[in-house]
Amino acid sequence: MPGIKGKDTAAVQDASLETTSISDASSSVHHSAKIVPINNTDNTSVLLTFSNTKPTLLVVVLTFVTSISGFLFGYDTGYISSALVAIGQDLDGHTLHNGQKELITSATSLGALIGAIFAGLFVDFLGRRPTIMGSNVLFIVGSAMQTGAHSVGVMMGGRFVMGIGVGIGSLTAPLFISEMAPSNMRGRLVVVNVLCITGGQLIAYAIGAGVEKVSQGWRILVGLSILPPTLQLVAFFFLPDTPRFYLMKNRVEEAKNVLLRIYPEVDEKLIDAKIQELIAINNEVPGDNFFKKIVNATKEIHTVPSNFRALLISCGLQGIQQFSSWNSLMYFSATIFQTVGFKNSTAVSIIIAGTNFVFTLVAFFAIDRIGRRRILLFSLPCMVAALVVCAIAFHFLNVDFSNSTAVIHSSGNGISGWGVVIIVAMICFAASYAIGIGNVPWQQSELFPQSVRGVGCAYCTGVNWGGSLIIAATFLTMMQNITPTGTFAFFAGLITVSWLLVFFMYPELSGLELEETQKVLTNGFNIKESERLAKERRRQAALAKDQINATFASEKKASPLQTLETV
Ligand SMILES: O[C@H]1[C@H](O)[C@@H](O)[C@H](O)[C@@H](O)[C@H]1O
């Protein structure tokens, strides 16, 4: 197999750059290594060659198998709204009252919050792969409990157990993908997981609509969710963990094997150099037992400035995602559309979920090319504009949300012009959400160094689920107490403030090696420097790609990069 060996990398090496303008002043021992290739003796660039490899079969398989966790996240949070309607009197022999519906719905979010916190510890101490496999067992048990449930208690218990699985998967899947992805396609591969979340939600809505009128049809809807975790569990018996995890545990041979399978075109010497680089950077947290390690990692995340900045950014982004109000729109869109006079409100909800899915696909193509920061700075104002339009339209629509039992009265005259305006604005809101804040926060693992990645991700994934719980529990009450106009205006205001936070605090990390991103945060948020670095990385990647393609063309062989664009 042709490799990107020494002579092929001459131009690449010319383009190699030191990131010396970002100072190496971190107080942590874990940050002592240089970003740039440590093995330059044979004039090769570790960094560049590792950024320009095509995704191998292993990378593709791992991404898709791991993203089953995303699908389950989406499916399990998506099916509940139709299941609650379809359950009728099948549990305890009576119709569910609102309190029971709320408990059944929120049991999953609560379980997910707890699962995410524990997952952050398990990923570092047990491994990414065993953690995902453990979540599969919880998914299977939780789904089976719900499918066979005849009482509200068992249903709630099943939702809770499954929720723990959802929380674990929501943290572990993006972390796994980002650790094994080549840096130039890391953003996109993490978006595959978000695509599976939004796809899972869409499919759950569609199947839910299909079985709505079928007797006990909700059991089919819930029972189907046993299949994907079973598939994922079996697949992971045959798949490896991430090289970075193996290196944390000093399992160098296994790490090397996986790296060779991820980068088959890269010279073995470069793989060895990369391993040395990772070992130098990715030391384990000190401590001779599980609890000491947890305490030390928690301490380190708060006391090392670059870690603390990473924590602020990652939790901030997850908070912005949840407090953008998207999920309340997902959960209550059918109610809202009914209120504005739409007869087939479920169909409109499917359109909203479909928009979320389609525009996540757009993000897939844009995230590494345009960059996370630029996408957010563009899409957040579009969300604000859409919410302002909703606020104005609700003002003129004369909808009464004031009933204390959350029964919504509409003017009852069918869909009006303002109703159409609301639906169009919500579709625009969904599109701009999906392109940016719907998926960028899930790039969270890239912000943390190996030593505290698990704990850091536990924090921000916890913020995601905590935020989701709060928003789901308060949205309808807000609509009642401060009117829809007030509610949408409030969220528009929050997103405006969020834009400022992104502008001042979120550096551009696309294209950077995982080990480089913490350097960016060493002595500040370094926005300008990060933009320069990301631009430089893009330029280098393009240059290296041309060079490698030209070399292969001159040898009349198919370039390994020719398929890159189709990832
Ligand atoms: O990224 C996902 C996605 O945007 C989903 O549609 C949403 O329901 C989740 O809360 C979010 O984390």
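The values are calculated or read from the model by the stated rules, or taken from the named source; none is laboratory data. Because the structure is predicted, anything quoted here is derived from the model rather than measured. Quick reminder, even Gly has a Cβ in these numbers, built from the backbone with ideal geometry, and neighbours come from all protein chains shown. Protein only, heavy atoms only, side chains kept; ligands, DNA and RNA dropped before computing areas. Shrake-Rupley method; radii C 1.70, N 1.55, O 1.52, S 1.80 Å.
Determine, yes or no, whether residue 462 is farther than 25 Å from residue 510 by Cβ, out of contact with any Ser or Thr (no Cβ under 6 Å at 6 or more places or on another chain) and either open to solvent by 10 Å² or more (accessible area, probe 1.4 Å) or within 16 Å of the ligand (Cβ to nearest atom) (or both). Yes, satisfied. Count of the range 284-297 residues, restricted to those that are surrounded by 17 or more Cβ atoms within 10 Å (Cβ to Cβ) and assigned to a helix (DSSP H, G or I), is 4.
Taking the conditions exactly as written (crowded, with 19+ Cβ neighbours inside 10 Å, away from the ligand (no atom under 16 Å from the Cβ) and basic (Lys, Arg)), does residue 188 satisfy them or not?
When the stated conditions are applied, residue 188 does not pass them.
Suppose the filter is in a helix (DSSP H, G or I), of a type outside the set (A, V, I, L, M, F, W, C), crowded, with 21+ Cβ neighbours inside 10 Å and within 16 Å of the ligand (Cβ to nearest atom); does residue 306 pass it? For residue 306, the condition - in a helix (DSSP H, G or I), of a type outside the set (A, V, I, L, M, F, W, C), crowded, with 21+ Cβ neighbours inside 10 Å and within 16 Å of the ligand (Cβ to nearest atom) - is not met.
Let's see how each residue does on (1) over 30 Å from residue 247 (Cβ atoms); (2) charged (D, E, K, R); (3) surrounded by fewer than 20 Cβ atoms within 10 Å (Cβ to Cβ); (4) modelled with pLDDT of 95 or more:
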| site | (1), (2), (3), (4) |
| --- | --- |
| 450 | no, no, no, no |
| 479 | yes, no, no, no |
| 484 | yes, no, no, no |
| 493 | yes, no, yes, yes |
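Restricted to helices (runs of 4 or more DSSP H) entirely inside the range 73-151, those with at least 3 residues that are at pLDDT below 90 and surrounded by fewer than 19 Cβ atoms within 10 Å (Cβ to Cβ) are 98-125. Can you find, within the range 249-265, the residue that is farthest from residue 179 (Cα to Cα) among those that are open to solvent by less than 10 Å² (accessible area, probe 1.4 Å) and in contact (Cβ under 8 Å) with a residue 24 or more places away in the chain? Looking at residues that are open to solvent by less than 10 Å² (accessible area, probe 1.4 Å) and in contact (Cβ under 8 Å) with a residue 24 or more places away in the chain, I get 265. You will find that of 259, 227, 239, the residue that is under 30 Å from residue 84 (Cα atoms), at pLDDT 90 or above and not acidic (Asp, Glu) is 227 and no other.
A Cβ distance below 8 Å, combined with a sequence gap of six or more or placement on separate chains, defines the contacts here; from the range 321-337, residues that are over 14 Å from residue 198 (Cβ atoms) reach residues that are near the ligand (Cβ under 9 Å from one of its atoms) in the pairs 322/464; 322/467; 322/468; 323/467; 324/433; 324/437. For the range 417-431, the set of residues classified as open to solvent by less than 10 Å² (accessible area, probe 1.4 Å) and within 18 Å of the chain's Cα centre (by Cα) consists of 430 only.
Here is a check on your reading of the model: is residue 334 in contact with a Pro (Cβ under 8 Å, 6 or more places away or on another chain) and either part of a helix (DSSP H, G or I) or within 16 Å of the ligand (Cβ to nearest atom) (or both)?
So residue 334 fails the test.
In the range 502-519, the count of residues that are crowded, with 24+ Cβ neighbours inside 10 Å, closer than 28 Å to residue 111 by Cα and among the charged types (D, E, K, R) is zero. Scanning the range 256-288 for residues that are under 26 Å from residue 310 (Cα atoms) and not charged (D, E, K, R) yields a total of 11.
When each of 272, 241 is tested for being acidic (Asp, Glu), surrounded by fewer than 18 Cβ atoms within 10 Å (Cβ to Cβ) and over 30 Å from residue 352 (Cβ atoms), the lone residue that passes is 272.
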